[in-house]
Amino acid sequence: MQSPDIQRIEHIKEYCSEIIATIQRYGDTFEIFDKDLDFQKSISFSILQIGEHVGKLSDGFRAETNTINWSAIKGMRNFFAHNYGSMNRMIIWKTATCDIPNLLDFCNEILK
């Protein structure tokens, strides 16, 4: 049986992969993202779900893997959950296109 942390990392990896696939499906420019509410919601939901799983990682796992800014990921989740209508789409886009690929690489490395 896998540890709960590893199970959560698998879920985080799945959401990262979904974000990347969504960008490939809709388009890889901010202009497309900025004009398409479904695209925005899809990406935002996956980022929110990643934050949910991060919030359940053990303190020990977070301490051992401190190359990832877990508190920033959880903080973004909290911002989504409580201020969705006021999220800056450019921040969401940069998270999806810059941070998510790095998080996916991290997850793949942990799951080796």
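What follows draws every value from the coordinates through simple rules; no lab data is involved. Computed from a predicted structure; not experimentally measured. With ideal geometry, Cβ positions are generated from the backbone for all residues, glycine too; neighbour counts draw on all protein chains shown.
What does the charge dipole of the chain about its Cα centre add up to, to the nearest 20 debye, if the Cβ of each Lys and Arg holds +1 and the Cβ of each Asp and Glu holds -1?
Working: 12 positive and 15 negative charges, 46 e Å.
It comes to approximately 220 debye.
Would you mind checking the tilt of helix 37-55 against the longest principal axis of the Cα atoms of the chain, expressed as 0 to 90 degrees and rounded to 10?
Taking Cα atoms only, the helix is inclined about 20 degrees.
Set Lys and Arg Cβ to +1 and Asp and Glu Cβ to -1, take the dipole of region 1-66 about its Cα centre, and tell me which of 26, 47, 61 lies farthest positive.
Ranked along the dipole, the leading option is 61.
If the elastic network links every pair of Cα atoms under 10 Å, which of 12, 32, 20 fluctuates the most in the Gaussian network model of the chain?
Maximum among the listed residues: 32.
List the relative contact order of region 1-111 as a percent without decimals, with contacts defined as Cα pairs under 8 Å and 6+ residues apart.
Numbers: 93 pairs, mean separation 45.3, N = 111.
Worked out over region 1-111, it gives 41 percent.
Tell me which trypsin sites (Lys or Arg not before Pro) from region 64-110 have a DSSP coil assignment and no more than 16 other beta carbons within 10 Å of their own.
Numbers: sites: 74, 77, 89, 94; in loops: none.
Here no trypsin sites (Lys or Arg not before Pro) fit, given the DSSP loop and packing criteria.
Which three extents, in angstrom, do the Cα atoms of the chain have along their principal axes, listed largest first?
Between the extreme Cα coordinates on each principal axis of the chain lie 42, 28, 23 Å.
Can you find, among 72, 4, 16, the residue farthest towards the positive end of the dipole of the chain? Put +1 on the C-beta of Lys and Arg, -1 on that of Asp and Glu.
Of the options given, the answer is 72.
What list of ³J(HN,Hα) couplings, whole Hz, do you get for region 100-112 from phi and the Karplus terms 6.51, -1.76, 1.60, once you set θ to phi - 60° and write x for glycine and proline?
For region 100-112, the Karplus curve yields 5, x, 5, 5, 4, 4, 4, 4, 4, 5, 5, 7, 4 Hz.
Using Cβ contacts closer than 10 Å as the measure, can you line up 28, 34 from fewest to most?
In order of increasing Cβ crowding within 10 Å: 28, 34.
Tell me, 11, 82 in order of fewest to most beta-carbon neighbours within 10 Å? Kindly include the intermediate steps, with their values, before the conclusion.
Values: 11 15, 82 8.
Fewest to most other Cβ atoms nearby, the residues stand as 82, 11.
Would you count, across the chain, every pair of lysines whose alpha carbons are under 20 angstrom apart, provided the pair is eight or more residues apart or spans two chains?
10
Using Cβ contacts closer than 10 Å as the measure, can you line up 98, 107, 16 from fewest to most?
Numbers: 98 9, 107 21, 16 24.
Listing 98, 107, 16 from fewest to most nearby Cβ atoms yields 98, 107, 16.
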